[in-house]
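Only one structure is covered here, and it is reproduced in the block below.
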Amino acid sequence: MVLEFDPAFIQAPEHRPKPAVNEAGGIPLIDLSPLYLLERHGGQPVAGLEVLVAQVEAACRDWGFFQVINHGVPPAVVERAWAASRGFFALPPEERRRVRRDEANPLGYYEAENTKNVRDWKEVFDFVVHEPAVIPSPGDAGGGGVDRLIELRNQWPKFPHGFREALVEYAEATEELAFKLLELISLTLSLPPKRLHGFFKDQTSFIRLNHYPPCPSPHLALGIGRHKDSGALTVLAQDDVGGLDVRRRSDGEWVRVKPIPNSFIINVGDIVQVWSNDKYESAEHRVSVNSERERFSMPFFFNPAHYVMVKPLAELVDEKNPANYEEYNWGEFFKTRLNGNFKKLDVENIQIYHFKKAK
Ligand code: OGA
Ligand code: NI
C-alpha cells in the first residue's frame with residue numbers, strides 16, 4: 001500500500017534536505033568555566049575570562065551559533081525536564097489537546113505550526129518563563145492603531161505528574177545561563193556587562209518543548225523549515241538523535257550540529273543582530289527529520305519586554321557607522337510572528353530586513 005504524504009508538509013525542492021549533511025562543520029565549542037571562577041573570586045578578574053570573551057566574539061561573528069559546556073545548569077535539572085517532555089508527548093492525543101493553544105491563548109500544546117507557510121513535522125508545548133507575559137493582543141490587526149495588551153498565562157497539563165515543577169526548575173536554570181551569555185555578549189561589544197539587562201525586565205521569554213516524530217518521507221519534509229530566531233538569543237538543549245542544521249556563513253552549506261552530552265547550543269537572534277548593528281548576524285537554521293527515531297529538543301527563547309523598541313545600540317553608532325535599522329517595537333514583531341506561524345499567510349511573515357535602512 002502506498003501511503004499518501006500530506007502535501008501540506010512538502011518543502012519546495014530547493015529547501016529539501018540532502019541525504020548527506022556535513023557533520024564536520026567546526027561549530028565553535030566554548031567552555032564557560034571561567035565564568036564560575038569569576039563568581040568565586042567575587043568578580044575580580046580571573047585568568048581565562050578575556051580568552052572566553054574573545055571566543056564568544058569570534059563565534060558570534062563567524063557563525064552566530066556555538067555550543068557551550070561547563071555552563072552551570074545541573075545535569076539533573078535537564079534530565080528531569082527531558083523526562084517531563086517525553087512523558088507529555090507520550091500521552092494520548094486527546095490528553096495533549098486538553099492544553100492546546102487557540103486564538104485566545106498562544107501557549108500550550110500545538111501540532112500544526114507553519115514555517116514560511118509549509119507545515120513543520122513536529123509538535124510543541126510552549127510556556128512562558130515569567131507569568132503573566134504581557135504582549136499586544138495577537139487578534140488585533142496592529143499597524144498604526146492602538147493595541148490592546150493581553151496577559152499570557154501558562155496552560156499546565158495534569159499529566160505527567162511533576163511536569164510543571166520540572167519545567168519551572170529548568171526555566172530558572174536556563175534563564176540564569178541566558179543572562180550570563182548576555183553579559184558575555186555585552187563584553188564582546190565593549191559595553192558594561194549589564195548594559196542589556198534592563199530590556200529583560202518584564203521579559204516575554206518562553207520555552208518550547210519540541211517533539212519530532214519519525215517521518216515516513218524525511219527527504220520531502222522538515223521538522224522546522226529554515227528560519228532565524230527572532231528574539232535576542234536562544235539556549236537550546238537537544239537529545240542524542242541529531243537533526244539541527246545550521247547554514248554556514250563562509251559557504252552557505254548546511255551543517256549538522258553534532259549532539260554533545262551536557263551541552264547547550266546558543267544562537268544569536270535577530271535582536272542581537274540589530275543591537276550590534278550587524279556586527280553579529282542571526283544564523284539561519286532548520287531541523288531535518290528521519291524515519292527511524294523520534295527527536296526531542298528544548299529551546300529557551302530569550303525575549304525582551306513587549307514595549308522595548310529594538311534599534312542599534314547608541315554606543316555602536318556614530319557618523320562613520322550609522323544605524324543600519326529603523327527601530328521597531330518588539331511586542332508588535334512578536335505578535336505578528338505568532339499570527340503568521342498559526343495561520344497560513346498570503347504574504348511573507350515579518351522579518352527584520354523589513355526595517356533595514358536603504359543605503
Ligand atoms: C526552534 C529551533 C531547533 C531544534 O524551535 O526555533 O530552531 O533543534 N529548534 O529543535
Ligand atoms: Ni530556531
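The values are calculated or read from the model by the stated rules, or taken from the named source; none is laboratory data. Source: prediction; values computed, not measured. Note that each Cβ is placed from the backbone with ideal geometry, even for glycine, and that neighbours are counted across all protein chains shown. These accessible areas exclude ligands, DNA and RNA; they are computed on the full protein's heavy atoms, side chains included. Shrake-Rupley method; radii C 1.70, N 1.55, O 1.52, S 1.80 Å.
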In whole percent, the fraction of accessible protein surface over the chain that belongs to carbon or sulfur atoms, probe radius 1.4 Å, stands at 54
Report residue 302's accessible area, 1.4 Å probe, all protein chains in place, as a number in Å² to the nearest 10. 0
How many Å² of accessible area per residue for the range 235-320, probe 1.4 Å? 37
Under the rule a/c < 1.5 gives rounded, and otherwise a/b versus b/c splits prolate from oblate, where does the range 136-292 land using the Cα gyration tensor? rounded
Karplus couplings for the range 99-111 from phi (6.51 cos²θ - 1.76 cosθ + 1.60, θ = phi - 60°), rounded to Hz, Gly and Pro as x? 10, 6, 5, 8, 4, 7, 10, x, 9, x, 8, 7, 10
From the Cα gyration tensor of the chain, with a ≥ b ≥ c the square roots of its eigenvalues, which class applies: rounded if a/c is under 1.5, or else prolate if a/b is larger than b/c, or else oblate? rounded
Net dipole in debye of the chain [+1 Lys, Arg Cβ; -1 Asp, Glu Cβ; about Cα centre; nearest 20]: 300
1.4 Å probe accessible area per residue over the range 164-213, in Å²: 37
Residues with amide H under 5 Å from that of residue 284, placed H, sequence gap 5 or more: 247
Using modelled amide H (1.01 Å from N, peptide plane; none on Pro or chain starts), what sits under 5 Å from the amide H of residue 152, excluding residues fewer than 5 places away? 133, 134, 135
